[in-house]
1. Look through K260, K234 and report the one residue that is surrounded by 18 or more Cβ atoms within 10 Å (Cβ to Cβ), within 23 Å of G58 (Cβ to Cβ) and of a type in the set (K, R).
2. Checking I245 against (1) touching a helix residue (DSSP H, G or I) at 6+ places or on another chain (Cβ under 9 Å); (2) surrounded by 14 or more Cβ atoms within 10 Å (Cβ to Cβ); (3) in a helix (DSSP H, G or I), only one condition comes out false. Which one?
3. Taking the stretch 149-169 as the region of interest, how many residues are in a loop (DSSP other than H, G, I, E, B), among the aliphatic types (A, V, I, L, M) and in contact with a Ser or Thr (Cβ under 9 Å, 6 or more places away or on another chain)?
4. Please go through the stretch 170-214 and give me each residue that is assigned to a helix (DSSP H, G or I) and among the hydroxyl-bearing types (S, T, Y), ordered by number.
5. What about P95, is it closer than 23 Å to W191 by Cα, without any contact (Cβ under 8 Å) to a residue 40 or more places away in the chain and of a type outside the set (A, V, I, L, M)?
6. Among the residues that make up the stretch 109-122, is at least one of them surrounded by fewer than 24 Cβ atoms within 10 Å (Cβ to Cβ), within 12 Å of the chain's Cα centre (by Cα) and either over 21 Å from C278 (Cβ atoms) or not acidic (D, E) (or both)?
7. Does H86 fit the bill of being modelled with pLDDT of 95 or more and under 17 Å from the mean Cα position of the chain (by Cα)?
8. Could you please tell me which pairs satisfy a Cβ distance under 6 Å, a separation of 6+ or placement on different chains, a first residue in the stretch 137-162 that is within 20 Å of H86 (Cβ to Cβ) and without any contact (Cβ under 8 Å) to a residue 60 or more places away in the chain, and a second residue that is surrounded by fewer than 20 Cβ atoms within 10 Å (Cβ to Cβ) and of a type in the set (D, E)?
Amino acid sequence: MHRKALLTALAVAASFASAQSHLVDVVYGHKMGVALTMDVFTPAKPNHIAVAFMVSGGWVSNHQNINPMLAKIFTDKGITVFEVVHGSQPKFQMPEILSDVNRSIRFIRANAAKYGIDPNKIGVSGASAGGHLSLMLGAYGAPGNPNSNDPVDRASSDVNAIACFYPPTDMLNWGSTGTAAMDQPLLRVFWPAFGITAQTPKEKLAEMSKQYSPIYGVTAKFPPTLIFHGDADKLVPLQQSEIFIEKLKGLGVPCKLVVKKGAGHGYIEGMVEDAGACADWFLKYLGK
């Protein structure tokens, strides 16, 4: 993605907006002696809806990609935004990354009163790997442990609505039925996120591919889901979103796929408007 151009577009949109407050490096957990943090953006007039934005690209997450201007598109509509940074690959692999993002939702829910949000109105968003993590939360978010001494661990990591961009959804069927994602040369750069090496047995590779594909966790209770995806995406095929939405529709889950004509992975044109549409999706399904 041409980050500079996107930031410029977001800045133009934000220049006409109202104020938001910004809390930096809010600690939501610890691991290996390191703090896990998020930034919190609070609107001038909160409507008690929360959105957790997964700051992740290629399952790499860093504080430099926290984006106040993106948050402003949501806070201008009354939504409180939590931009979540997780442990990055290759240091951390999928089990640890998923543990982090589940912990972030539990933290938001456990601290709902502190941040002026409704614990039953938590949405999640992200792009690419961030979209994948959003859908994994939708599929595999879970109740908390009522016996934990940690109040955060006692809270659920379920999310109540999703709006995301060009997410991987089925690594066993990548672009076509039976095509394994991790066999594709273009995707080998992401092997470390899954703990894959050239020596990983085919059976283990298939097992992991299914385990970390959100489509296999979809049920009729899946949250209302909006996905944006370009039809010229060469990294994550449009088919990934098409089959996911098809499955949701078959189960009667409220959902929508917006296909961006001629758009590739990490598209820029129209992103400000699309982010606004995501905010409207959360208002529709969480604003009741």
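1. Working: K234 fails: surrounded by 18 or more Cβ atoms within 10 Å (Cβ to Cβ).
Going through K260, K234 in turn, just one is surrounded by 18 or more Cβ atoms within 10 Å (Cβ to Cβ), within 23 Å of G58 (Cβ to Cβ) and of a type in the set (K, R): K260.
2. Of everything listed in (1) touching a helix residue (DSSP H, G or I) at 6+ places or on another chain (Cβ under 9 Å); (2) surrounded by 14 or more Cβ atoms within 10 Å (Cβ to Cβ); (3) in a helix (DSSP H, G or I), I245 misses just condition (1).
3. Filtering the stretch 149-169 for residues in a loop (DSSP other than H, G, I, E, B) gives 149-160, 166-169.
Applying the additional criterion that residues be among the aliphatic types (A, V, I, L, M) yields 152, 155, 159.
Cutting the leftovers down to in contact with a Ser or Thr (Cβ under 9 Å, 6 or more places away or on another chain) gives us 159.
So the answer is 1.
4. Of everything in the stretch 170-214, just one residue is assigned to a helix (DSSP H, G or I) and among the hydroxyl-bearing types (S, T, Y), namely S209.
5. Values: closer than 23 Å to W191 by Cα: yes; without any contact (Cβ under 8 Å) to a residue 40 or more places away in the chain: yes; of a type outside the set (A, V, I, L, M): yes.
Answer is yes for this residue.
6. Within the stretch 109-122 (the criterion being surrounded by fewer than 24 Cβ atoms within 10 Å (Cβ to Cβ), within 12 Å of the chain's Cα centre (by Cα) and either over 21 Å from C278 (Cβ atoms) or not acidic (D, E) (or both)), the answer is no, since none of the residues qualifies.
7. So H86 fits the description; yes.
8. Cβ pairs passing all conditions: G144/D153.
The values are calculated or read from the model by the stated rules, or taken from the named source; none is laboratory data. No experiment lies behind these values; they were computed from the predicted model shown. Cβ sites come from the backbone with ideal geometry, for glycine too, and all protein chains shown count toward neighbours.
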